[in-house]
Amino acid sequence: MTKIYMDNVSGSPIHPKVIEAMLPFLKDGFGNPSNLHQFGRATSDAIQSARGQVAGLINAKPNEIVFTSSGTEANNFALKGILAAHKKKGNHVIATQIEHFSVLNPLKSLEKSGYEVTYLPVDKYGMVNPDDIKKAVKNTTTMVSIMYANGEIGTIEPIKEIGAFTKEKGILFHSDAVAAAGNIPIDVRDVQVDALSMSANQFYGPGGIGALYVREGVRILPFLEGGVQEGGRRAGTENIIGIVGMGKAAELAKAEMPQRMDKVQTLRNLLRDGILQHIHHVYVNGHPKNHLPGNLSLCIEYIEGESILLFLDMQGIAISSGSACTSRSLKASHVIMATGVDAALAQGTVLFSLGIDNSGEDVKYILEKLPPTIERLREMSPLYHQRQKGK
């Protein structure tokens, strides 16, 4: 049976060279990095090497990288750890309505403990207006947290403009770059962020390992307390295998990024144009230019995204209906709704997130299977029949 994976936003397959780098540590990487003997030194050296590789991906210093268990932990750590360390400065945070739940839910918890959060709207493309951030700032504003790019609709936010403003005002700036890091170029010096979250499984590294960039000089309280690992910023014996894998994945992403971007964007455009040519009442989400190269989010009218997902899965095609964190909720995506899409239309959202393993043959196969799938589902849709009668 044909198997096509286009759900890379939920987690990408591990690159063969990453697996190769990790394998020796499955066998011999059992030494505790905190110990001074040769087994501890070997794993400690591996961690520091990986730290340099991850730092190199975003033009950071190695000592500015803190390894975490995931992008979710990195986001929680950034928000709670940095805000706690700067509590005397103020209690106001600015974010957008389309942030990932690993940002939105911690912010809700912070609101219960006395913080004030302003959730800014976005335009029809999912882009925040930097002027809205400027207007929302108060004397008590401590942090702005704006995602680098949205994994559901692909829109890349005006991070550099926001960073210039927060730098000028002395406001801390965090960006959830889980969907962006390793997939598009990021230079933390250029965009002037103070903290930035990453996840290895978004750029062909292993799952269960992420990292938080914290600019040198920015105070942050430990999210996990115990030992002195990660410079005292995150306690607990390090995930050696995951860290080595993330380091190698970061090294490969930096070296191969131009070719990767060109390939997935070309395939994404072929898929988009083919779908729009063969299926009517389809709407493309996200910004037309400032967009992640492999992301194709669509609203397909008169049917539910979950139905499309399941029918395609039976034909060997794996996609998603939005964020992996909401794919089982059967609710319209908060991101799609925030862009002003009608609730009924939002239910028909599907997301193709292409990766470096995809091919032109994959696109051809999908363009063969998707139109008849949509036609079949619409034949079962009362909404579609009502429209046909209304013509």
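The values are calculated or read from the model by the stated rules, or taken from the named source; none is laboratory data. Predicted model, so just to flag it, every value in this text is computed and none were measured. Note that each Cβ is placed from the backbone with ideal geometry, even for glycine, and that neighbours are counted across all protein chains shown. The protein model used for the area step is the full one, side chains on, heavy atoms only, and it has no ligands, DNA or RNA in it. Shrake-Rupley method; radii C 1.70, N 1.55, O 1.52, S 1.80 Å.
Here are a few things to note about the model shown:
- Selected residue (criterion: surrounded by the most Cβ atoms within 10 Å (Cβ to Cβ)) from residues of segment 87-114 that are among the small types (Gly, Ala, Ser) and within 24 Å of the chain's Cα centre (by Cα): 95
- Residue within segment 366-377 that is over 20 Å from residue 273 (Cα atoms) and either modelled with pLDDT of 95 or more or part of a loop (DSSP other than H, G, I, E, B) (or both) present: no
- Verdict on residue 271 being part of a helix (DSSP H, G or I), open to solvent by 10 Å² or more (accessible area, probe 1.4 Å) and modelled with pLDDT of 95 or more: no
- Between 113, 109, the distinction of being closer than 22 Å to residue 233 by Cα and of a type in the set (S, T, N, Q) belongs to 109 only.
- Among the candidates 173, 223, 203, residue that is under 16 Å from the mean Cα position of the chain (by Cα) and aromatic (Phe, Trp, Tyr): 203
- Filter pass, residue 186 being touching a strand residue (DSSP E or B) at 6+ places or on another chain (Cβ under 7 Å) and not in a strand (DSSP E or B): no
- Restricting segment 130-176 to residues that are in a helix (DSSP H, G or I) and without any contact (Cβ under 8 Å) to a residue 12 or more places away in the chain, the residue that is farthest from residue 336 (Cα to Cα) is 168.
- Selection from segment 122-147 of residues that are within 30 Å of residue 294 (Cβ to Cβ), surrounded by fewer than 23 Cβ atoms within 10 Å (Cβ to Cβ) and of a type in the set (Ser, Thr, Tyr): 125
- A single entry from 192, 265, 259 fulfils the requirement of being among the polar types (S, T, N, Q), touching a Phe, Trp or Tyr at 6+ places or on another chain (Cβ under 9 Å), modelled with pLDDT of 95 or more and open to solvent by 50 Å² or more (accessible area, probe 1.4 Å): 192.
- Scanning segment 233-292 for residues that are more than 30 Å from residue 23 (Cα to Cα) and polar (S, T, N, Q) yields 265, 266, 269, 277, 285, 290.
- Of all positions in segment 285-302, none carries a residue that is at pLDDT 95 or above, more than 22 Å from residue 200 (Cα to Cα), touching a Cys at 6+ places or on another chain (Cβ under 7 Å) and open to solvent by 70 Å² or more (accessible area, probe 1.4 Å).
- Filter pass, residue 117 being more than 23 Å from residue 261 (Cα to Cα), open to solvent by 10 Å² or more (accessible area, probe 1.4 Å) and among the β-branched types (Val, Ile, Thr): yes
- Candidate set from segment 26-44 (those that are of a type in the set (D, E, K, R) and closer than 17 Å to residue 245 by Cβ); member that is surrounded by the most Cβ atoms within 10 Å (Cβ to Cβ): 28
- When we screen 72, 68 for residues that are under 19 Å from the mean Cα position of the chain (by Cα) and open to solvent by less than 30 Å² (accessible area, probe 1.4 Å), the only hit is 68.
- Residue match in segment 230-249 (condition: over 18 Å from residue 45 (Cα atoms), part of a helix (DSSP H, G or I) and among the hydrophobic types (A, V, I, L, M, F, W, C)): no
- Within segment 283-303, being outside any strand (DSSP E or B) and within 24 Å of the chain's Cα centre (by Cα) holds for 285, 286, 287, 288, 289, 290, 292, 293, 294.
- Boolean, residue 49 is under 16 Å from the mean Cα position of the chain (by Cα) and open to solvent by less than 70 Å² (accessible area, probe 1.4 Å): no
- Screening segment 215-238 for residues that are small (Gly, Ala, Ser) and either out of contact with any helix residue (DSSP H, G or I) (no Cβ under 8 Å at 6 or more places or on another chain) or in contact (Cβ under 8 Å) with a residue 24 or more places away in the chain (or both) and picking the one that is surrounded by the fewest Cβ atoms within 10 Å (Cβ to Cβ) gives 217.
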